[in-house]
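Structure first, commentary second.
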Amino acid sequence: MHRASRDVEPYREERIEPDYIRAGGSDRNAHHLTGATSLADTAVPGIIGAAMPMRTGVLVLLCLSAAAACAPSSRPGPLTFSGSAVGAEADVVRRQLARFGERYPGVRVELRVTPDAADQRRQLYVQWLNARTEEPDVLQLDVIWTAEFAAAGWILPLDAAVPDAGDFVPAALTAARWRGTLYAVPWFIDVGLLYRRTDLVPEAPRSLSGLRDAARRAVETGAAPFGLVWQGARYEGLVTVFLEHLGAFGGGILDEDGRVIVDAAPAVSALTFMRDALAPAGFAPPSVLTWQEEQARFAFQNGDAVFMRNWPYAWGLLADASRSRVAGRFAVAPFPAADGGRPTAALGGAQLAVNAHTADPALARELVAFLTAPEQMLERARLAAQLPARQSLYDSDALAGALPLPLDQIGAAIAAAQTRPVTPVYSELSEILQVRLHRALTGQQEPAAALRDAAAEMRALLARAGLTGEGTAP
Amino acid sequence: MAWGLAAPAVGVIALVALVPIAATAWEALHLHDLRMPWLGRPFAGAANFVEAAYDPRFRAAVIHTVGFATVSVALELVLGLALALAMHAASRGRGLFRTAALLPWTIPTVVAALVWRFIFDAQVGVLTTSLREAGIVGTSFDWFVHPLAAWVPVVAADVWKTTPFVGLLLLAGLQTIDPALHDAARVDGAGPVRRFLTITLPLLAPAIVVAAAFRTLDALRLFDLVYVLTGGGPGTATEPLSMYAFVTLMQRLRFGYGSALSITVFLLTFVFALVWVRALGRALAEERR
């Protein structure tokens, strides 16, 4: 999910228009037309480079002028599924969708290719769902979007479709629920991992200070130029790294009632730890503040770092002896805890949800249940190396040999998995945090002041969204 | 009859320019967040503009934009003038010289920005590694991590790319200056500096104003260079107005507030354009006298 964005597939433009052109007198349609104008609006001077909205705007104009050509196709058509379709993932999903079609004769499922970059896919989904399009019927959501989509009424409850919800990894289930109702089904998961060089540090550090000492020692003895590398650019990845430090010190971003606690003492300690790591006498290079997953992997892969915080995808690439200098000399563990905290692994991954305006909710739920069944998850693990979201698969020997990662090491990280705040305004909350964290880490603000400002902005945001305090609800 | 003939053109202009701007201005008067449909889209009057006035990130973005425009356009005018004088003076290989000087201008901005990003890269960048080997910067120095140093690649890339454009405009101006004036001044005993200050510069003023106008308007819309080079960081230390509007509209999906920011970018550029057109008119009038 946080991988460097690959080529963006052109999305299916004809999926956007049906609702815009159903012009009529009702309020609902009037709302759609305003939606259409606001999309066209974005093509104003000053928004250079925003190719997507401009294209959408043009498309809307075209459709308004030639309504007949854009008339919505009449149901029953094929069921549509939107999600990642790059490389091995595309093979797996195509294969499984075809199998679903065989199981339900007369049903055809089409894959709607959407951009692989998470931000772009979300923007597209938000525009579609705001316009109440019927398609795609089933959506692949990033774990951090479910609450947002559920609160907006864009996706359907799924409790009835998943009788065995208890089988899923608890953290993934937390992210799939909004106000006690299941709105998405975990599909595959990602967990933050601490990679280490086993030739330099044979045993995983038991505490954060152990990690710091080992990293510092390695730099001082010249074993490697960098002690620890992580994702420090101003983007979502920085929040996951911060979340792991935060958990290590026993802090959090929001408490269970949705109140902001990111300015509390543990958070200040966590951010101070991160900043001090970057200091001249520290053990992480300041350049990590411009790095995403891949730059960190390159550094570790070239043998330049003793520790690296990254996602499971890196394992297969690091183990490839033809490209990696550290093949066979690394292992993973959860990010360790400091005093008063617990080992924490940020949870990522994808979930499946059903469009609230789908023409066939029952069939769409069937598809979700089918894709998240154990057999499909095992196939996905085998072919695309993505971690199943069902706990029972790790407890049995079903996964043996299916994944490149050693199950015992990954199991410890899954047990430490922690969701990012489950709130409808997560994206903006995260953006606030990214800016403030980056300011503190680049020395523009003291950690305590940065977090105080971040907390104030977050509280203002929650107030504006009508989500303050307990019983946060639209 | 005249209006009838002009109608298609007027219609097209209205459709592609006036209608979107008016629609954006209307949107800017509403509270509209695509991610919070439960809030609806109530009319909010000037609330979005009031919020912008109190938004420190917006004010910083204005300062970044204006500061960048001032510094980069000043550098481009000085270097562009030097380039124009050199191109004007070159006698042999004139065509080749001019073509070579124009090369940076022909490279797409995003491609140029990627190359500059590579040059300034802390691990493998030519510039950074040479400075490090010469002992001028520390081993952990990274341009993109310092709030002020991060501007250097942005300004460098902009100056490198657009100086040829300024040079070409000024060269055209230089060629309109009658050589007889210089000859007469030389006979009267004026040295090269005196001739430059009293003949070349005043007669070049209209061309300078045109070049400055084009470049300032471009610089005020700064987006692509920053998007590729710094992403607006570290923190938001290099975030210009159009990028803040982009983030608000396309990432936060706050259409009301984002539209208000876009309208502000539009007004800022528009006011500058008006001022410059006035200045241009005055410069031309003086020349005629």
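The values are calculated or read from the model by the stated rules, or taken from the named source; none is laboratory data. Everything numeric here is computed off the predicted structure, so don't read it as measured data. Counting neighbours? That spans all protein chains shown, and the Cβs are built from the backbone with ideal geometry, glycine included. SASA here: full protein model, heavy atoms, side chains in, ligands and nucleic acids out. Shrake-Rupley method; radii C 1.70, N 1.55, O 1.52, S 1.80 Å.
Quick look at the numbers
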quantity: Failed condition for B:V271, given (1) surrounded by fewer than 18 Cβ atoms within 10 Å (Cβ to Cβ); (2) closer than 23 Å to B:V154 by Cα; calculated: (2)
quantity: Top-ranked residue of the range B:213-267 - restricted to ones that are assigned to a helix (DSSP H, G or I) and charged (D, E, K, R), ranked as nearest to the other protein chains (Cβ to nearest Cβ); calculated: B:D224
quantity: Unmet requirement for A:Q386, which otherwise passes all of (1) in contact with a strand residue (DSSP E or B) (Cβ under 8 Å, 6 or more places away or on another chain); (2) under 17 Å from A:F100 (Cβ atoms); calculated: (2)
quantity: The range B:44-77, residues that are open to solvent by 60 Å² or more (accessible area, probe 1.4 Å) and under 12 Å from B:Y257 (Cα atoms); calculated: B:F49, B:V50, B:E51
quantity: Conditions (1) out of contact with any Gly (no Cβ under 6 Å at 6 or more places or on another chain); (2) within 30 Å of A:D159 (Cα to Cα); (3) part of a strand (DSSP E or B); number of the one not met by A:M308; calculated: (2)
quantity: Within the range B:13-43, considering residues that are farther than 17 Å from B:G258 by Cβ, within 12 Å of chain A (Cβ to nearest Cβ) and out of contact with any Leu (no Cβ under 9 Å at 6 or more places or on another chain), the one least open to solvent (accessible area, probe 1.4 Å); calculated: B:A17
quantity: Meets criteria (within 25 Å of the chain's Cα centre (by Cα), surrounded by fewer than 22 Cβ atoms within 10 Å (Cβ to Cβ) and either of a type in the set (D, E, K, R) or closer than 16 Å to A:A331 by Cα (or both)) for A:R197; calculated: no
quantity: Out of B:V137, B:V115, sole residue that is modelled with pLDDT of 90 or more and aliphatic (A, V, I, L, M); calculated: B:V115
quantity: The range B:119-137, subset more than 17 Å from B:V228 (Cβ to Cβ) and of a type in the set (D, E, K, R), residue least open to solvent (accessible area, probe 1.4 Å); calculated: B:R132
quantity: Filtered residue count, the range A:201-213, keeping only those that are more than 30 Å from the chain's Cα centre (by Cα) and either modelled with pLDDT of 95 or more or under 28 Å from A:Q434 (Cα atoms) (or both); calculated: 1
quantity: Residue under evaluation A:A455, criteria (1) in contact with a strand residue (DSSP E or B) (Cβ under 8 Å, 6 or more places away or on another chain); (2) among the hydrophobic types (A, V, I, L, M, F, W, C); (3) buried (at least 22 other Cβ atoms within 10 Å of the Cβ), criterion not met; calculated: (3)
quantity: Unmet requirement for B:F196, which otherwise passes all of (1) in contact (Cβ under 8 Å) with a residue 24 or more places away in the chain; (2) open to solvent by 20 Å² or more (accessible area, probe 1.4 Å); (3) over 15 Å from the mean Cα position of the chain (by Cα); calculated: (1)
quantity: Residue within the range A:162-173 that is in contact with a Pro (Cβ under 7 Å, 6 or more places away or on another chain), open to solvent by 10 Å² or more (accessible area, probe 1.4 Å) and either part of a helix (DSSP H, G or I) or β-branched (V, I, T) (or both) present; calculated: yes
quantity: Members of the range A:279-301 that are among the aliphatic types (A, V, I, L, M) and open to solvent by 20 Å² or more (accessible area, probe 1.4 Å); calculated: A:A279, A:A281
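So that you can scan it fast, the table gives a plain yes or no per residue for (1) away from chain A (no Cβ under 13 Å); (2) part of a helix (DSSP H, G or I):
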residue	(1), (2)
B:V111	yes, yes
B:W116	yes, yes
B:V124	no, no
B:T128	no, yes
B:F141	no, no
B:G167	yes, yes
